[in-house]
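The values are calculated or read from the model by the stated rules, or taken from the named source; none is laboratory data. Values in this document were obtained by computation on a predicted structure and should not be read as measured data. Using ideal geometry, Cβ is built from the backbone for each residue, glycine included, and neighbour counts are taken over all protein chains shown. We work out accessible area using only protein heavy atoms, side chains counted, and drop any ligands, DNA or RNA first. Shrake-Rupley method; radii C 1.70, N 1.55, O 1.52, S 1.80 Å.
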Amino acid sequence: MTQTNAARVRFAPSPTGLTHLGSGRTALYNYLLAHQSGGKFILRIEDTDQKRFNLDAEKDLTSSLRWLGLQWDEGPEVGGLHEPYYQSKRMAIYRQHAEQLVENGKAFYCFCTQQELDAVRKAQQEAKQPPHYSGKCRDLPLAEAKQRVADGETHVIRFKAPKDGSITVHDELRGDITVQNHTIDDRVLLKSDGHALYHLAAMVDDHLMGITHVLRGEEWLPSLPLHVHIYEAFGWPQPKWVHLSVFLKPSGKGKMSKRETEEMKLTGQSIFIQDLADMGYLPEGVLNWIALMGWSYDDKTEFFTLADLIEKFDIAKLNPSPAAIDFKKLDHFNGLHIRALPADELARRLLPFFEKAGLQADPALLARITPLIQERITTLDDAPEIAGFFFRPSVEVPADKLLIKDTSAAESAAALAKALGILEALPELTATAAEAPMRAAADELGIKAGALFTQLRNATTGQEVSPPLFESMELIGRETVLARLRAGLDVLGKLN
RNA sequence: GCCCCCAUCGUCUAGGGGACUAGGACGUGGCCCUUUCAAGGCUAAAACCGGGGUUCGAAUCCCCGUGGGGGCACCA
């Protein structure tokens, strides 16, 4: 798609909890649209509900976005022409706009108490009616209402939604949607504490900040008609509306609940960006994965970098149906991106995971080891397990792991001794120098090379599964390898 | 209860009237490669929710069912 106009888009989360995959994808698509059109990606904090606001959540949000590589052009920490970017600091703007609507007959002061509203709602529910505002204050004379406000009576400002006819709104993915106006409630725009609600604050800010495309979650689709009415009440031109499908839990049965989110962590999976980072996933892998949940480029291309996505992303190729989260696919994409990384860059990212595992990994050695494990790990966190033996002074090997299959203990010991002798005689322990004589030794011993290598692998790495044996030996170093083989011989000797 | 959205292999999807014997990917099975484990290559099984239309022709358009999802707060 060719963008003739630079898009101004925003990601406007409410920092009430940890940043999850759904938010990540919404942020990503917004970012892509901005970058491919030479526009701006704006971050706005929707913190009008002080009861739910959470400072830790905001820190998690900014660090998650940055980890993903989705830096915003305007917003907290970076500023911009439309400051402040915190809705809690824009109260006066919302009040002014709400009052403007009241003056124009598009909104009204409402003095109903919480108790009244609760009672009405309860009655409606019992009567199997959809909950909606009773309309009690809707047609109060403006002068009278203003007087009560001036007298200090507690009040809110509600939108005066049209009651007749219908409205047709347009979503870029779903086309025209028509709803009857009477199904649209007189929603509160400004609370009695003076804070605006989403329906007012987001519309006002989107307009004031020059937002051209609103990409947001599908949960907003039911209130789109209300939002369009609000835009029209102000006489503002609408942005393009794009409602992204929701993510479903892996079973495909509904959204993830809070409890299920916790349970998921027990299985080593998480929908939170920060957790994924801690678990050793690459931002490249996560991005590629979520980009393809609800969007596709063609019928075969699946590997995308952020740069690729900026180039290829297209709203027209978004899919409106909900997508189930598939962590197997994340592993796949992460593996792809791990293998696509230059080895030295991968080594750099691996370092903290060795430290976390309590291993002092020498960066230079790690850089040489990395090519050996690059295609054997799916997350960064896999590396210490498969390559930890490089950084431990010695390895612990039980005797039975040193026994060659279908061979006696004495013969196994003889084989190990022979191998040790060969390596000791080698002027230099390199992979190329060691392999051929070892194969010859296996032949002479009358055992399969693979069987001998398994024994040596256990003795030198302490693992049954490891990177290629001789390359590993070379990197471990001659003296250490010889010491481990001698230790193995000792263990075997004690068997008799 | 009411409103809205969605509907292709188990999952993510391609497909927008004839190019469909429905393509790709993950996962799964098999084979190859191989010093283990991976990675890689090849390969197999696996889907158009149902019923009506429209049309010479429908996975593609329309309607009705059904199923799934979302929403109905002084939350976002």
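Listed here are the residues, each with its yes/no results for (1) at pLDDT 95 or above; (2) touching a Gly at 6+ places or on another chain (Cβ under 6 Å); (3) within 14 Å of RNA strand B (Cβ to nearest atom).
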residue	(1), (2), (3)
A:Phe234	yes, no, no
A:Val246	no, no, yes
A:Gly252	no, no, yes
A:Glu262	no, no, no
A:Gln269	no, no, yes
A:Phe272	yes, no, no
Exercise. Are any residues in region A:120-148 more than 9 Å from RNA strand B (Cβ to nearest atom) and open to solvent by 60 Å² or more (accessible area, probe 1.4 Å), and if so, which ones?
Worked result: A:Lys122, A:Glu126, A:Ser134, A:Lys136, A:Asp139, A:Pro141, A:Leu142, A:Ala143, A:Glu144, A:Lys146, A:Gln147, A:Arg148
Exercise. Taking A:Leu350, is it open to solvent by less than 40 Å² (accessible area, probe 1.4 Å), more than 6 Å from RNA strand B (Cβ to nearest atom), within 22 Å of A:Lys249 (Cβ to Cβ) and of a type outside the set (Phe, Trp, Tyr)?
Worked result: no
For this session: Sort out which residues of region A:161-173 are under 39 Å from the mean Cα position of the chain (by Cα), part of a loop (DSSP other than H, G, I, E, B) and within 30 Å of A:Cys137 (Cβ to Cβ), and write them in order of number.
Result: A:Ala161
Seminar exercise, completed: For region A:222-240, the count of residues that are in contact with a Phe, Trp or Tyr (Cβ under 9 Å, 6 or more places away or on another chain) and either β-branched (Val, Ile, Thr) or surrounded by 19 or more Cβ atoms within 10 Å (Cβ to Cβ) (or both) equals 8
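State which residue is nearest to the chain's Cα centre (by Cα) when the search covers only region A:66-87 and only residues that are over 26 Å from A:Leu200 (Cα atoms) and touching a residue at least 40 places away in the same chain (Cβ under 8 Å).
The extreme case among them is A:Leu68.
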Exercise. Among the candidates A:Leu33, A:Leu21, A:Leu43, A:Leu28, which residue alone is closer than 16 Å to A:Trp241 by Cα and away from RNA strand B (no atom under 11 Å from the Cβ)?
Worked result: A:Leu33
Problem set entry | Residue list for region A:303-317, restricted to those being open to solvent by 30 Å² or more (accessible area, probe 1.4 Å), touching a residue at least 12 places away in the same chain (Cβ under 8 Å) and either within 24 Å of A:Lys240 (Cα to Cα) or out of contact with any helix residue (DSSP H, G or I) (no Cβ under 8 Å at 6 or more places or on another chain) (or both) | A:Leu306, A:Ile310, A:Glu311, A:Lys312, A:Ala316, A:Lys317
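Looking only at residues in region A:272-293 that are assigned to a loop (DSSP other than H, G, I, E, B) and of a type in the set (A, V, I, L, M), which one is farthest from A:Tyr29 (Cα to Cα)?
A:Met279
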For this session: Would you point out the residue of region A:203-213, among those that are touching a residue at least 60 places away in the same chain (Cβ under 8 Å) and among the hydrophobic types (A, V, I, L, M, F, W, C), that is most open to solvent (accessible area, probe 1.4 Å)?
Result: A:Leu208
Seminar exercise, completed: Residue pairs qualifying under the 7 Å Cβ cut-off, at least six apart or on distinct chains, with the first in region A:182-202 being on the phi < 0 side of the Ramachandran plot and the second being of a type in the set (S, T, N, Q) and within 7 Å of RNA strand B (Cβ to nearest atom), are A:Ser192/A:Thr154; A:His195/A:Thr48; A:Ala196/A:Thr48; A:Leu197/A:Thr48; A:His199/A:Ser223; A:Ala201/A:Thr48
Problem set entry | Answer residue from region A:67-101, given it is in a helix (DSSP H, G or I) and aliphatic (A, V, I, L, M) and is nearest to A:Arg52 (Cα to Cα) among those | A:Met91
Exercise. Looking at A:Val204, A:Val188, A:Val179, A:Val214, which is the one that is in contact with an Asp or Glu (Cβ under 8 Å, 6 or more places away or on another chain) and either at pLDDT 95 or above or over 23 Å from A:Glu99 (Cβ atoms) (or both)?
Worked result: A:Val214
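Please enumerate the residues belonging to region A:46-101 that are among the β-branched types (Val, Ile, Thr) and surrounded by fewer than 22 Cβ atoms within 10 Å (Cβ to Cβ).
Correct list: A:Thr62, A:Val78, A:Ile93.
Go through region A:353-391 and report how many residues are charged (D, E, K, R), surrounded by 15 or more Cβ atoms within 10 Å (Cβ to Cβ) and away from RNA strand B (no atom under 15 Å from the Cβ). Break it down into steps so the answer makes sense when it comes.
Filtering region A:353-391 for residues charged (D, E, K, R) gives A:355-356, A:362, A:368, A:375-376, A:381-382, A:385.
Right, trim to surrounded by 15 or more Cβ atoms within 10 Å (Cβ to Cβ) and you get A:368, A:376, A:381-382.
Then drop every residue that is not away from RNA strand B (no atom under 15 Å from the Cβ), which leaves A:368.
The number of residues fulfilling the criteria is 1.
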Seminar exercise, completed: If we keep only residues of region A:453-476 that are β-branched (Val, Ile, Thr) and assigned to a helix (DSSP H, G or I), then the residue nearest to RNA strand B (Cβ to nearest atom) is A:Thr454
Exercise. Which residues, taken from region A:186-202, are open to solvent by 10 Å² or more (accessible area, probe 1.4 Å) and touching a Ser or Thr at 6+ places or on another chain (Cβ under 6 Å)?
Worked result: A:Ser192, A:His195
Problem set entry | Residue that is within 7 Å of RNA strand B (Cβ to nearest atom), within 16 Å of the chain's Cα centre (by Cα) and either surrounded by 15 or more Cβ atoms within 10 Å (Cβ to Cβ) or in contact (Cβ under 8 Å) with a residue 40 or more places away in the chain (or both), where the choices are A:His337, A:His332 | A:His332
Problem set entry | Test for A:Val179: is it closer than 20 Å to A:His227 by Cβ, near RNA strand B (Cβ under 7 Å from one of its atoms), among the hydrophobic types (A, V, I, L, M, F, W, C) and free of Cβ contacts under 8 Å to residues at least 60 places away in the same chain | yes
Seminar exercise, completed: Only one of A:Asp278, A:Asp298 is more than 30 Å from A:Asp186 (Cα to Cα), more than 9 Å from RNA strand B (Cβ to nearest atom), surrounded by fewer than 19 Cβ atoms within 10 Å (Cβ to Cβ) and not small (Gly, Ala, Ser), namely A:Asp278
